[in-house]
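The values are calculated or read from the model by the stated rules, or taken from the named source; none is laboratory data. These numbers come from a predicted model, not from an experiment. Positions of Cβ are generated from backbone atoms using ideal geometry, with glycine treated the same way; all protein chains shown enter the neighbour counts. What goes into the accessible areas is simple: the full protein's heavy atoms, side chains included, and nothing from ligands, DNA or RNA. Shrake-Rupley method; radii C 1.70, N 1.55, O 1.52, S 1.80 Å.
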Amino acid sequence: MEQMTLFDDREQTAPLASRLRPATLEEFAGQAHLLGKGRMLRQLIERDQISSMIFWGPPGVGKTTLAGIIASRTNADFINFSAVTSGIKEIKEVMNQAEKSRRMGIRTVLFVDEIHRFNKAQQDAFLPFVEKGSIVLIGATTENPSFEVNAALLSRCRVFVLKALEEADIKKVLNHALKSPKGFGPQNVQITERQVEAIAAFANGDARTALNTLEMAVTNGEISAEGILVTDAGLEQCISKKSLLYDKNGEEHYNLISALHKSMRNSDPDAAIYWMCRMLEGGENPLYIARRLIRFASEDVGMADSHALSVAVAAYQACHFLGMPECDVHLTHAVTYLAMAPKSNALYMACEACKEDVKKLVAEPVPLWLRNAPTKLMKDLEYGKGYEYAHDTEEKLTHMMCMPKSLSQREYYHPTVQGEEKEIGERLKRIKEWKK
């Protein structure tokens, strides 16, 4: 436990990320949804009206930095408390100190880094002091607070979700580091825009990773009378990828994802794995690939194998939990499954056809028999009148029309005979024949 101070100039031996830690909201990169002009969190900080809160977000997005900015602006004792090195004894000491300060009319803002590492008993120790206002608690966590923070404590805190930084934000941080006197400004570093973009892509939304990578690249650059030259070969060693050859926003990005989709659609697992690995080697965000697999699972496999969607979603979760390089095998698992699954685009065709009708045709009112009637007025207006409850029948079917009358003959879903969809198609055919 230590008193947090303003982030001032550090010795040049300190890590670059530490030397460049922002001290004001104006210097802070990203999180415009929370800190933009007029946004709630910005107003709370500027007015010094903060209440207990939890910062939830991935590593390197500014949770601790934001706490430091609050430390510099609040008229309160500000204590930095780490869940890694502290236990019940240390918590009680801080709470006793905070209670004494409260009696003297002084607020205490307690910043708890990695609050999810505290067990239930440790978290419970904060609760009475939060309730009576002895402390304003600010917790930071990379884990979902719904699962990692006690419900009683969580209910007394506002949760602010910090997002992974956009590449534009990361580039802004990197360019500032290259120009700042606290960074590499005095050293005349020669680095191309393409190299900066490669570092930003590799960082995957983590400013600390970006600055550490830049520092490593500059440290291993070629020194000359003109300054320090960052070479492609040196940078590739730092990021262990051929990111310099892959433009995530350019044509090659779309060419590769297209090749991956079409290889899976054509049931070619070898080609699909190859194109996926090309994207990962180029520095593509694995979550982007996983999102595309989720879309593919419904668009190109669909009801032919409904398990495909579960596999794709599980792969996304695995990528989120592990990240690179470990998650490459999970993506390979999903890509191979999707490539080998029976294919049907019936869901995609149904969705597109229905969207066209919704756009072009008159928006029909919901039939009265399909409306709920929670109030007497609604019942008097005959909401729900004529509704037929399918579970009351032996067949679990009724002749009730669920489409608007003008669309009663429309059919959007046309099952194929691929995989499990063949059986689904036969069942749908029997249902329609019964209703006739």
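Which of the listed residues, H253, S146, A207, is farthest toward the dipole's positive end in the chain, when Lys, Arg count +1 and Asp, Glu count -1 at the beta-carbon?
Among H253, S146, A207, the one farthest towards the positive end of the dipole of the chain is S146.
Rolling a 1.4 angstrom probe over the protein chains, ignoring ligands and nucleic acids, what is the accessible area of W56 in square angstrom, nearest 10?
Counting only protein heavy atoms, W56 exposes about 70 Å² to solvent.
Dipole size in debye (nearest 20) for the chain around its Cα centre, Lys and Arg Cβ +1, Asp and Glu Cβ -1?
1620
Looking at A297, S72, A334, which one has the Cα that reaches farthest to the positive end of the dipole of the chain (charges on Cβ: Lys, Arg +1; Asp, Glu -1)?
S72
Label points 7 Å out from Cα along the Cβ direction at E226 and E90: separation in nm?
Between E226 and E90, the simple spin-label model gives 5.0 nm.
Keeping all protein chains in position, work out how much accessible area E326 exposes to a 1.4 Å probe, and write it in Å² to the nearest 10.
100
In square angstrom, rounded to the nearest 10, how much accessible surface does K92 have for a 1.4 Å probe?
120
Can you quote the Å³ per residue value for the convex hull of the Cα atoms in segment 298-436, rounded to an integer?
Considering the Cα atoms of segment 298-436, their hull volume per residue is 178 Å³.
Give the accessible surface of segment 21-180 per residue, rounded to a whole number of Å², with probe radius 1.4 Å and ligands, DNA and RNA excluded.
For segment 21-180, the per-residue accessible area is 46 Å².
Excluding residues fewer than 8 places away in the same chain, name every one of the lysines whose C-alpha is closer than 25 Å to that of K376.
Those lysines meeting the cut-off are K385.
Under a 1.4 angstrom probe, counting protein chains only, how are E167, E388 ranked by accessible area, largest first?
E388, E167
Counting only protein heavy atoms, what percent of the accessible surface of the chain is carbon or sulfur at a 1.4 Å probe?
Carbon and sulfur atoms account for 53 percent of the accessible area of the chain.
Determine the principal axes of the Cα atoms in segment 310-389, then give the extent along each, sorted from largest to smallest and rounded to whole angstroms.
Taking the Cα atoms of segment 310-389, the three principal extents are 62, 29, 24 Å.
So which cysteines in the chain don't have a second cysteine's C-beta under 4.7 Å from them?
So, C157, C238, C277, C351, C354, C402.
Of (1) 28.6, 89; (2) 21.6, 72; (3) 22.5, 79, which is the value of Rg and Dmax of the Cα atoms in Å derived from the coordinates here?
Comparing each candidate, only (1) matches the computed number.
Which order do E131, E382 take by accessible area at a 1.4 Å probe, largest first?
The ordering from most to least exposed comes out as E131, E382.
Quick check on my link table: of K360/K396; K359/K432; K359/K396, which ones sit more than 30 Å apart, alpha carbon to alpha carbon?
Going by Cα-Cα distance, K360/K396; K359/K396 fall outside the 30 Å limit.
May I ask you to give the solvent-accessible area per residue for segment 330-406, in square angstrom, as obtained with a 1.4 angstrom probe?
72
Please give the calculated 222 nm ellipticity per residue for the chain, where each DSSP H segment of at least 4 residues contributes -39500 (n - 2.57) and the sum is spread over every residue; nearest 500 deg cm²/dmol?
Details: 20 runs with 210 residues, N = 436.
So the calculated ellipticity at 222 nm is -14500 deg cm²/dmol.
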